[in-house]
Protein chains: 2
Amino acid sequence: MQNRRNILFIMCDQLRHDYLSCAGHKTLQTPHIDTLAARGVRFSNAYVQSPICGPSRMSTYTGRYMSSHGATANFVPLRIGERNIGDHLGPLGVRPVLVGKTHMIADRDGMARLGIDPQSPIGVHHREAGFEPYERDDGIYPDKMLGMMGQPRYNDYLRDKGHEGDNPWHWAANAVETDKGLRSGFYNDITDRPAAVAEEDSETPYMTRRAMEFLDQDDGETPWLLHLSYIKPHWPYVAPAPYNDMYGADDVQAPIRSEAELKDTNPLMRHFMERVAGRTFRRDEAIRKVVPTYMGLIKQIDDQLGQLFAFMQERGLLETTTIVLTADHGDYLGDHWMGDKDYFHDPSVKVPLIIADPSAQMDATRGTTCDALVQSIDLLPTFVEHFGGTPAAHLLDGTSLRPLLTGEATRVQDFVVSEYDYHQQTFAPEIGTGPRDGRIYMIATTDWKLIHAPGFDPVLFDRRDDPQELHDLGRSPDHAGIRADMLARLADWALQYRQRETYTDDMAARFTAFEEKAGVLIGYWDENDLIDPGNAVNPPQGQET
Amino acid sequence: MQNRRNILFIMCDQLRHDYLSCAGHKTLQTPHIDTLAARGVRFSNAYVQSPICGPSRMSTYTGRYMSSHGATANFVPLRIGERNIGDHLGPLGVRPVLVGKTHMIADRDGMARLGIDPQSPIGVHHREAGFEPYERDDGIYPDKMLGMMGQPRYNDYLRDKGHEGDNPWHWAANAVETDKGLRSGFYNDITDRPAAVAEEDSETPYMTRRAMEFLDQDDGETPWLLHLSYIKPHWPYVAPAPYNDMYGADDVQAPIRSEAELKDTNPLMRHFMERVAGRTFRRDEAIRKVVPTYMGLIKQIDDQLGQLFAFMQERGLLETTTIVLTADHGDYLGDHWMGDKDYFHDPSVKVPLIIADPSAQMDATRGTTCDALVQSIDLLPTFVEHFGGTPAAHLLDGTSLRPLLTGEATRVQDFVVSEYDYHQQTFAPEIGTGPRDGRIYMIATTDWKLIHAPGFDPVLFDRRDDPQELHDLGRSPDHAGIRADMLARLADWALQYRQRETYTDDMAARFTAFEEKAGVLIGYWDENDLIDPGNAVNPPQGQET
């Protein structure tokens, strides 16, 4: 067992990059996550491929940009045949195991078209994005979608604990008791109240225990990547006692916003501000009530991770397990006059990323912060290299982070790209956006961030002089050259072969200058044109004319 | 049978757009093809998605840009799951039937990964790009590749006719007799001599007869699209008597080239000129010897089509069959100091396209020439509409040409795009091009053609003032604005969702503003935020707290 070098890949849902004490939060203490940072590298410029659950996760699990894998929005199935984490790690003998959320929507039409039984091993492999589903729980089970999503095992657990009804996920774990009875956590006016479950029965401890159960049942031989994928601190913002009131309004950091942002606002950005979540988080009352609960949910995760790490230490697993912690996107929480995520300011698109690898090769960087630009698609090639493989460069759009972990390099790429498909937004039909036209692209270098949306003026932020992104230079005459340069980089990014999936770089090398060797003499006048006289084409001996 | 509205989809391989008498060739007479043009619409600005067999055909058979389907070069398999002509026409009750070449390379790794038996109906469907392979013959069977390609049925036919050996395709149909014995048609110094087969046993008549056999065996009920896909006039430039010397050096039109093109040549264009085929066709002797044979091969096709059309007329099929004739790319034949194809001057990337639809709706355009910009991916949506279907807009990158055929419209798009992956070219490793970096993009409007290749200066042609494309304005200071505009169009073209294959536009409409209806109240403060009070989330009746 000690020879295995497993990975515990923790993902929190909707966890902002700056809501950890190691990332500078002043009132929220996350000592266990901080310990992880002290044991590894904390990345301070980690971006997701899309600031929304489904597309972001599909990028993480395939190692490909959103435009590459095509699952551009929630509810868009990941097409059959798209290579996933299991396709990359399986051949290395590694079990990718899931406890929690993936947001994977299976391509059932594609399976039917190709004759794949969804219940067969290949069908399950595809449906679960390549993970072995030890516990699959996507964490959002509104009553009306229960038929479409299926019942999570967690609902059975809650019923065992005495919570009745069809959907205790909703009406116990994500509801609160009020004078007038139960109230759904989808309403934010009650987020200061405790969840209608005991703390130990809430989602985060439940998932943590499921991870421990996997570790106890592990065969001790097959290397694994355990994806512990917490649903929280994603909404519904409901925390069990004592986490619901562990923090108060005094603990809330002032939102990052300025009155100037409301003037001459980029029209598309304005649509995002005007969404319900934006209107809610424009109210001070909402920030004072929701943010402490959001902090409590993070605190609960940190406490649970403390228990998990202790559990692993008892079993000698901490010395051999690389622990990765990240999120699928952030949360505006009122910053820039917005709520939820979806747009491209840092609170939404930047995420925490900590990689703590106990191997001696990583000693040089232990406890450091790395400010290199990295993105979530960089994780899968990092995992492949961790397990001794060579990342499939023709499939994986990202870059392994190992050179940053060993200290061999201080950067791995010049820019990061994130994308968002806004066609599902309520405002999209109102402004005439067609079903395939809700496209927004973010490209960020160390110095600049450009947000490009066809049909709208661009947005430009100066990342050095305006790290809080309060001044949109998208229409500044002085910055026309910068915008053109960033757009040219984005165009160059778009003009790549990312669908040549059946043809490795080795195959490409083999087929270069292949014709003459194969006897296909394209345009050769006679034997004098041969590069190698040995490639001459001669009639078979004894062939009769 | 008369109620069926079948399609005969003829493709010639490597047939230049201007080597038909109806397209203005002065010495080559193609009366049967001209008749087709007189009965339909001849498109004078039809472009292929890539000026090389495999990628071009994969675009035609999938209706998608080369970058979309990913089979960017010959030998690159079309990935499993990619929707093909059969996926689009099958649900309409149409049999797509193949006689001849597709150049399809099956994704055998993908089939193995997804558990698809290559011999199963689904496996065959994929391997044959969705066609029912009545006769599959890719037309290039060099001896050394016979193991990889498999024996064509045509070799059996030739052996039955007394041509012995392993590979009579090569040593009878595509070789000539000389004083020193047989010589391969891959050498161009003997292209004036007749093929070592009788005319009736050469490839074009053989394939024509196979098409007739299909028509005779047709069940008379199921609508079909018969893809009669000739290998000729593609090299080896070997024609049987009398076509080998039906034309002589006096019939050859002067190559389109100027000495100025050899000065300050764009460096990447220069590499294409310097290929073996370019060096060969720089020799007047080569042009005088090869071009007449190329013309003879076209003349043979025209004669065979005359026989086929007569055969169809006898059976009453001409009145009900739409006939489409096109090519997968052209041939430089010495124009612009180049041979073969691969680069983006019109002789290479522009193709003939004639659509003759006997239905009365098309009477208004019968016998006309249409100069609208069209491309080969427009054919599949045209076919879908022909058979009464609605093109799947989320999969098909092209635009139906029916409005041009009925006369409702005079244009369907503002520009066309073609792509070429040059990593297999011999010069690619010499100039340090990586396996995924051999990317060239052409974008053409009515007025301009830009050729963009990362790492090289662009090439720009003024299509109005310089229709022969003799003056590269890629570095002209006066044209910087035009180049920037064309590059911006190309960038906009690249930034599209073409991989969202699992999600129709109807689904997109269904999921827009879906959340509230589904009970996912993102950021709602209370019931006052509801768009529709009926969507309020309430606890189940009788739910105990």
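Per-structure values
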{"read-out": "Filter pass, B:Ile354 being within 21 Å of B:Ser21 (Cβ to Cβ), aliphatic (A, V, I, L, M), surrounded by 23 or more Cβ atoms within 10 Å (Cβ to Cβ) and at pLDDT 95 or above", "value": "yes"}
{"read-out": "Among (1) at pLDDT 95 or above; (2) more than 17 Å from B:Ile231 (Cα to Cα), the one test that B:Asn174 misses", "value": "(2)"}
{"read-out": "Members of the stretch A:197-214 that are surrounded by fewer than 22 Cβ atoms within 10 Å (Cβ to Cβ) and among the hydrophobic types (A, V, I, L, M, F, W, C)", "value": "A:Ala198, A:Met212, A:Phe214"}
{"read-out": "Residues located in the stretch A:153-195, provided they are more than 12 Å from chain B (Cβ to nearest Cβ), free of Cβ contacts under 8 Å to residues at least 24 places away in the same chain and surrounded by fewer than 20 Cβ atoms within 10 Å (Cβ to Cβ)", "value": "A:Arg153, A:Asp156, A:Arg159, A:Asp160"}
{"read-out": "Condition check for A:Thr293: part of a helix (DSSP H, G or I) and either buried (at least 22 other Cβ atoms within 10 Å of the Cβ) or in contact (Cβ under 8 Å) with a residue 40 or more places away in the chain (or both)", "value": "yes"}
{"read-out": "Those residues of the stretch B:296-323 which are within 19 Å of B:Arg193 (Cβ to Cβ) and in contact (Cβ under 8 Å) with a residue 60 or more places away in the chain, in sequence order", "value": "B:Leu297, B:Ile298, B:Lys299, B:Gln300"}
{"read-out": "Those residues of the stretch A:41-88 which are of a type in the set (Gly, Ala, Ser) and at negative phi, in sequence order", "value": "A:Ser44, A:Ala46, A:Ser50, A:Gly54, A:Ser56, A:Ser59, A:Ser67, A:Ser68, A:Ala71, A:Ala73, A:Gly86"}
{"read-out": "Residue tally, condition more than 57 Å from the chain's Cα centre (by Cα) and either surrounded by 13 or more Cβ atoms within 10 Å (Cβ to Cβ) or facing another protein chain (nearest Cβ under 7 Å) (or both), over the stretch B:528-537", "value": "0"}
{"read-out": "Lone unmet requirement of (1) within 24 Å of B:Leu379 (Cα to Cα); (2) in contact with a helix residue (DSSP H, G or I) (Cβ under 8 Å, 6 or more places away or on another chain) for B:Tyr154", "value": "(1)"}
{"read-out": "Answer from A:Ile116, A:Ile80, A:Ile122, A:Ile105 - the residue that is within 11 Å of another protein chain (Cβ to nearest Cβ), free of Cβ contacts under 8 Å to residues at least 24 places away in the same chain and either closer than 22 Å to A:Ile377 by Cβ or of a type in the set (A, V, I, L, M) (or both)", "value": "A:Ile122"}
{"read-out": "B:Gly54 being modelled with pLDDT of 95 or more, open to solvent by less than 20 Å² (accessible area, probe 1.4 Å), under 16 Å from B:Thr326 (Cα atoms) and within 14 Å of chain A (Cβ to nearest Cβ)", "value": "yes"}
{"read-out": "Checking B:Arg475 against (1) open to solvent by 10 Å² or more (accessible area, probe 1.4 Å); (2) more than 8 Å from every other protein chain (Cβ to nearest Cβ); (3) assigned to a helix (DSSP H, G or I), the condition it does not meet", "value": "(3)"}
{"read-out": "Of all residues in the stretch B:82-93 being open to solvent by 10 Å² or more (accessible area, probe 1.4 Å) and not in a helix (DSSP H, G or I), the one that is farthest from B:Ile116 (Cα to Cα)", "value": "B:Gly93"}
{"read-out": "Complete set of residues in the stretch B:19-35 that are surrounded by fewer than 17 Cβ atoms within 10 Å (Cβ to Cβ) and touching a Gly at 6+ places or on another chain (Cβ under 8 Å)", "value": "B:Pro31"}
{"read-out": "Sole residue being open to solvent by 30 Å² or more (accessible area, probe 1.4 Å) and in contact with a His (Cβ under 7 Å, 6 or more places away or on another chain), chosen from A:Leu460, A:Leu470, A:Leu487", "value": "A:Leu487"}
{"read-out": "Contacts under 7 angstrom Cβ, first residue in the stretch A:270-289 being within 12 Å of another protein chain (Cβ to nearest Cβ) and open to solvent by less than 10 Å² (accessible area, probe 1.4 Å), partner assigned to a helix (DSSP H, G or I) and of a type in the set (Gly, Ala, Ser), 6 or more apart", "value": "A:Phe272/A:Gly278; A:Thr280/A:Ala286"}
{"read-out": "Filter result for A:Val520 (of a type in the set (Val, Ile, Thr), facing another protein chain (nearest Cβ under 8 Å) and touching a Ser or Thr at 6+ places or on another chain (Cβ under 7 Å))", "value": "no"}
{"read-out": "Test: B:Thr369 is of a type in the set (Val, Ile, Thr) and open to solvent by 30 Å² or more (accessible area, probe 1.4 Å)", "value": "yes"}
{"read-out": "Residues located in the stretch B:44-74, provided they are in a helix (DSSP H, G or I), more than 9 Å from B:Tyr420 (Cα to Cα) and under 11 Å from the mean Cα position of the chain (by Cα)", "value": "B:Cys53, B:Gly54, B:Ser56, B:Arg57, B:Met58, B:Ser59, B:Thr60, B:Tyr61, B:Thr62"}
{"read-out": "Condition met for A:His69 (within 14 Å of another protein chain (Cβ to nearest Cβ) and of a type outside the set (Lys, Arg))", "value": "yes"}
{"read-out": "Residues satisfying the stated conditions in the stretch B:497-517, i.e. within 7 Å of chain A (Cβ to nearest Cβ), touching a residue at least 24 places away in the same chain (Cβ under 8 Å) and over 14 Å from A:Ala428 (Cβ atoms)", "value": "B:Gln499, B:Arg500, B:Glu501, B:Tyr503"}
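Conditions (1) in contact with a strand residue (DSSP E or B) (Cβ under 8 Å, 6 or more places away or on another chain); (2) among the aromatic types (Phe, Trp, Tyr); (3) buried (at least 20 other Cβ atoms within 10 Å of the Cβ), marked per residue:
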residue: A:Val374; (1), (2), (3): yes, no, yes
residue: A:His394; (1), (2), (3): no, no, yes
residue: A:Asp397; (1), (2), (3): no, no, yes
residue: A:Gly407; (1), (2), (3): no, no, no
residue: A:Gln425; (1), (2), (3): no, no, yes
residue: A:Ile440; (1), (2), (3): yes, no, yes
residue: A:His452; (1), (2), (3): yes, no, yes
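The values are calculated or read from the model by the stated rules, or taken from the named source; none is laboratory data. Being a predicted model, the structure only gives us computed values, none of them experimental. Neighbour counts are summed over all protein chains in view; Cβ atoms, including those assigned to glycine, are modelled from backbone coordinates with ideal geometry. Quick note on the areas: whole protein, heavy atoms, side chains included, nothing else; ligands and nucleic acids left out. Shrake-Rupley method; radii C 1.70, N 1.55, O 1.52, S 1.80 Å.
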